[in-house]
Every structure is written in C-alpha cells, then in structure tokens.
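The values are calculated or read from the model by the stated rules, or taken from the named source; none is laboratory data. Because the structure is a prediction, the values reported are computed rather than measured. Glycine gets a Cβ as well: all are built from the backbone with ideal geometry, and neighbour counts include every protein chain shown. Note: accessible area is taken over every heavy atom of the protein model, side chains too, but ligands, DNA and RNA are not part of it. Shrake-Rupley method; radii C 1.70, N 1.55, O 1.52, S 1.80 Å.
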Amino acid sequence: LQNDSWGKQYSHALFKAMSHMLCIGYGQQAPEGMTDVWLTMLSMIVGATCYAMFIGHATALIQSLDSSRRQYQEKYKQVEQYMSFHKLPGDTRQRIHEYYEHRYQGKMFDEENILGELSEPLKEEIINFNCRNLVANMPLFANADPNFVTAMLTKLRFEVFQPGDFIIREGTVGKKMYFIQHGVVSILTKGNKETKLSDGSYFGEICLLTRGRRTASVRADTYCRLYSLSVDNFNEVLEEYPMMRRAFETVAMDRLDRIGEKRPLGPPRPPLCLLPGA
C-alpha cells in the first residue's frame, strides 16, 4: 500500500481497525511484533466495550418505546410465578389470564398516580373524556347538571367482571352501586325472576339510599366493564346536589313499585332493599 493513493491506504487501515473492534479478531493478518500484539488486544477490548454499550443502549431504546407493555409483561410474570408457587388449578389460571387480558389489554399504567399529578381542570377533562361513552348512554347523566356529572365521574372506580361472576350477592350489605359501561348482567330475585341490564344502565343505588341488605343477586353474563361508586362517595356527591338525590329516590321508588315492595327510602331506613336495574 506504500505506493497507493491516500484513499486506498486509509480505507484499508479503517477496514483493519473495524475488523479488530467489531469482529473481535485480528483481521486479515496476524500481528507480527509485540507492539502489534498489544495494540490488537487493546483494539479488541475497546471494540468489545463499544459493542456492548451499543447493544445496551439499543435495547433500552426499544424498551422505552413501549414501557407500558413492558410493565404489563413484568407484572404478569410475577402473577405467573405466584400461581405456580401456590399450585393453582389450570382453570383458575386461565380465568386469571383472561382477566388480565381484558382488564389491562396488554398495557399497564399507574393511572391514579398520573391523574394525581395533574391539575384539577386537566384531571376532570381526562375523566370526562374517558367516560364519554358512559355519559352518552346513560339518561341520568344526559339531563343532569354538568357539575354533578363531573363530581360523580371523579368518584368512580373502574372494574371488570368475567362471565358467571356474581357482582352482587343476595344478603350482603350494600356498599356500592354500579354503572354499566359495556356488557350484560342479570338481576336474579328470590322468585326466579330474571331481568337483563346492558350498556347505560345502573344498579345498586337503592341499597345506598336505604343502607339495607341486598335481596337479589347480580350476575355478569358477558365480560362487563363497570364503574363502581361507594356509599361514602355517593352520599358526598348527593349532599352537594340534593335535587339528584330526589331523582335517585324517584327512580328507586318506581322500581320498588314495579316489584310490589312498598318501602320508604328516607329515615327511618329499612333493613332490606332490592336491586333491579334501570
């Protein structure tokens, strides 16, 4: 190469350096003297270090592109190890797997922490957007004060139930009411009378008004995506909007009349309540 052009000389020099560093070898020809040996070893060490750093940064970049899916996969690995440790039966493991698939849909977020870091206007805007289908399908919200709707939505908690799950069991104390975003549920009464409820319906409010026990069961017929409202949050919101309490009581009295129950909803509170839906 002594008599070749500088372009060929530098091209061959670059090729030899890259063959040392990237291929972790000594290139086209073995080193001849001790100086060449030590320079070759040094170049291989530098090359291996650079190669490892490149792979590490590339892996981190790929993982950061979909961090929520990675968090879901890490979480589900823990769930699998938990199921294996406790030797859960196969059908239970399958139900847990299906629950995670429908509940998180392959992505996991710390939604409570994310919303908690935002300002109240932003938080309310996001919640209203996420629950827009629920509001659009529910007549109770469609004609209500927007401030009441926002106050109610900020108290809701998202829940998922699988087909055959009993959302409410007869004889238990009523601590929640439910709004159906998507799915079909059955109201099962003592007389084997079955009522179907679907998107936009709600149930369980009578027990929140009477603080009584459930005298009917509610079973999920399909995968159900619901929003629940606890009794404390229910009363907190209705204290600010007493007109909506009267609206709930009117609907509850109508439902009690349809099933032949004549029970007052105000004080003194009766010990029992029924749960037919909207």
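Mean-square fluctuation check for the chain, GNM, Cα pairs under 10 Å: which of ILE187, ILE168, ILE96 is largest?
Maximum among the listed residues: ILE96.
Dipole size in debye (nearest 20) for the stretch 131-261 around its Cα centre, Lys and Arg Cβ +1, Asp and Glu Cβ -1?
My answer is approximately 320 debye.
If I model a spin label as a point 7 Å beyond the Cα along the Cα-Cβ vector, how far apart are those points for GLU101 and SER64 in nm?
Here the answer is 3.3 nm between the modelled labels.
Hey, any idea what % of the chain's accessible area is carbon plus sulfur with a 1.4 Å probe?
In the chain, the share of accessible area belonging to carbon and sulfur is 56 percent.
Taking each pair of different alpha-carbon atoms in the chain once, compute 1/r for the pair, average those values, and report the inverse of that mean as the Kirkwood hydrodynamic radius in Å to one decimal.
One over the average 1/r among Cα pairs gives 24.1 Å for the chain.
Compute the accessible area per residue over the chain, keeping the other protein chains in place, probe 1.4 Å, unit Å².
In whole numbers, the chain has 63 Å² accessible per residue.
At 0.36 nm per residue, minus the direct Cα-Cα distance, what do LYS123 and GLU239 gain on full extension? Give it in nm, one decimal, please.
Answer, rounded to one decimal: 39.5 nm.
If I build a Gaussian network model for the chain, linking alpha-carbon pairs within less than 10 angstrom, which residue out of LEU14, LEU209, LEU118 has the largest mean-square fluctuation?
LEU14
Given N residues in the stretch 131-261, what is its alpha carbon radius of gyration divided by 2.2 N^0.38 Å?
Its radius of gyration relative to the 2.2 N^0.38 Å reference: 1.00.
Could you report the accessible area of THR215 in Å², rounded to 10, computed with a 1.4 Å probe on the protein chains as they sit in the structure?
20 Å²
Please compute the length gained on full extension between GLU159 and PHE85, using 0.36 nm multiplied by the number of residues separating them and subtracting their Cα-Cα distance.
Between GLU159 and PHE85, full extension yields an extra 24.0 nm.
For LYS75, tell me the accessible area in Å² from a 1.4 Å probe, rounded to the nearest 10.
Accessible surface of LYS75 is approximately 80 Å².
If you take the charge dipole of the chain about its Cα centre, with +1 on Lys and Arg Cβ and -1 on Asp and Glu Cβ, which of GLY212, LEU156, LEU118 is farthest toward its positive end?
Value: GLY212.
Which one, ALA144, CYS131, GLY171, is farthest towards the positive end of the dipole of the stretch 119-223 when Lys and Arg carry +1 and Asp and Glu -1 on their Cβ?
Highest projection toward the positive end goes to GLY171.
With runs of 4+ DSSP H residues as the only contributors, calculate the mean residue ellipticity of the chain at 222 nm using -39,500 (n - 2.57) per run, divided by the residue total and rounded to the nearest 500.
Here the helix-only value at 222 nm equals -17000 deg cm²/dmol.
As I understand it, the dipole of the chain uses +1 on the Cβ of Lys and Arg and -1 on the Cβ of Asp and Glu, about the Cα centre. Which of SER186, ALA247, LEU229 lies farthest toward its positive end?
Final value for the positive-end residue is SER186.
To the nearest 0.05, what FRET efficiency results for GLN9 and MET34 with a Förster distance of 22 Å applied to their C-beta separation?
Calculated value: 0.35.
Just how large is the dipole of the chain about the Cα centre, in debye to the nearest 20, putting +1 at every Lys and Arg Cβ and -1 at every Asp and Glu Cβ?
Roughly 1200 debye, rounded to the nearest 20.
Remind me, relative contact order of the stretch 131-261 in percent, using alpha carbon pairs under 8 angstrom and six or more residues apart?
Relative contact order for the stretch 131-261 comes out at 32 percent.
Probe 1.4 Å, all protein chains in place: accessible area of SER198 in Å², nearest 10?
50 Å²
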